[in-house]
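Report on the following structure.
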Amino acid sequence: MSTGRTLWRRVPPRAVDSGLVVLAVLDAWINLFGEGVPLVWACVAIGSAGLFLRRRFPLTVFLLTLPMTVFMDVAVAPIAALYTLAASTRDRRLLAGCALLQAAAGTLFWPPADTFTDDRTWTLIQFVYTLATAIAPVLFGQLVQARHDVARRLREAEEAREHERALHAQTVLARERAQLAREMHDVVSHQVSLIAVQAGALQVASRDPDAREAARTIRSLSVNTLDELRHMVTLLRASGGKETELAPQPTLADLRQLIANSGIETTLTGELPADISTTAQRTVYRTIQEALTNVRKHAPGARAEVRLWHDARHYGVTIANTAPARPAVALPSSRQGLIGLRERAELLHGTFTAGPTPEGGYAVELRAPARPD
């Protein structure tokens, strides 16, 4: 079944439309048996040729098929036009009106005075039958539209899960590195510092030149070890410059590329101080990345605004989005992303806030002091 669907998608739309036009003309020819006044054939030509434009102007093409429906009992052109209209609009009242209009056109005879000369019960039965025939392409078009919506939401859900897994992995890695850095700082650095202090005291108190030289060597090695430990702690906490990174890390220069790849209509305004640290730049980048991911996951179709700001005492970023344009797919969430952003803000001695806006959207803000204590 999937192979057949794939082959059908490879057929060019123009070829499909051309086939429908040919079938519509043959349908009219069979109903007229080759006979008909020029007015009828003009209606057939206009209604059939209009199928070439059914994807761009579905309502107009449907209206163009109504005259030929009045003159003869045709099915291909009106059904194709009605299906295209149903697959391209969400206005149920418009579709109901078009179905009734199609049923009325299929029930009328030409001239109109002949419509009510026969049995009215039979006319009503024919109207109901024609209405049922018109409802079929409407339901099928709506079904196809719903299928496309579900497929799109499944793709969005899968992309959101991929981002969620990537962010969760980054959060776990950051937590482990932070824990290791704390252990090295609180335990190892403390012990090495004591060694350096004791060696310094021995160097001053000892009268033996060899003992003093050994104490000086121990103290020098301890000081160098402390420097290396501080460098490793800085590296684990991802607070060093580019020369100390294990891998290239994002900075403010990568913000525009992040926004361009987010798949969300986003505006970027404002700026940050030019002298903020690499750690602060990376925190701002991760905050924007997590916020835009949450917008795409929880507010499909919403627009977002990223505002960078700073004053004499603080700097930060505010990300706000509008209300979602369509319902969001319910996805599992551990909220580890927001927890990680709050921890990143605390490392900068700042704050992180998040919450809904009065307009129905959502906003997050990172605020950090320009010169942390």
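What pairs come out if I take residues in region 252-269 that are among the hydrophobic types (A, V, I, L, M, F, W, C) and pair them with residues that are assigned to a loop (DSSP other than H, G, I, E, B) whose C-beta lies under 8 Å away, six or more apart or interchain?
Here the result reads Leu252/Leu272; Leu258/Pro250; Ile264/Ala302; Ile264/Arg303, each pair linking region 252-269 to a residue that is assigned to a loop (DSSP other than H, G, I, E, B).
So, in region 277-299, how many residues would count as being over 21 Å from Leu236 (Cβ atoms) and surrounded by fewer than 19 Cβ atoms within 10 Å (Cβ to Cβ)?
Of the residues in that region, 1 qualify.
With respect to Leu82, determine if the residue is within 37 Å of the chain's Cα centre (by Cα) and more than 22 Å from Val16 (Cα to Cα).
It is false that Leu82 is within 37 Å of the chain's Cα centre (by Cα) and more than 22 Å from Val16 (Cα to Cα).
I'd like to check which helices (runs of 4 or more DSSP H) are fully inside region 1-101 and have at least 1 residues that are at pLDDT 85 or above.
It comes to 13-32, 38-49, 58-71, 76-88.
Cβ-Cβ under 9 Å, sequence separation 6+ or interchain: first residue in region 333-359 and on the phi > 0 side of the Ramachandran plot, partner at pLDDT below 80 and not hydrophobic (A, V, I, L, M, F, W, C). Which pairs?
His349/Pro372; His349/Asp373
The values are calculated or read from the model by the stated rules, or taken from the named source; none is laboratory data. This is a predicted model, so every value here is computed, not measured. Backbone-built Cβ (ideal geometry, glycine too); neighbour counts: all protein chains shown.
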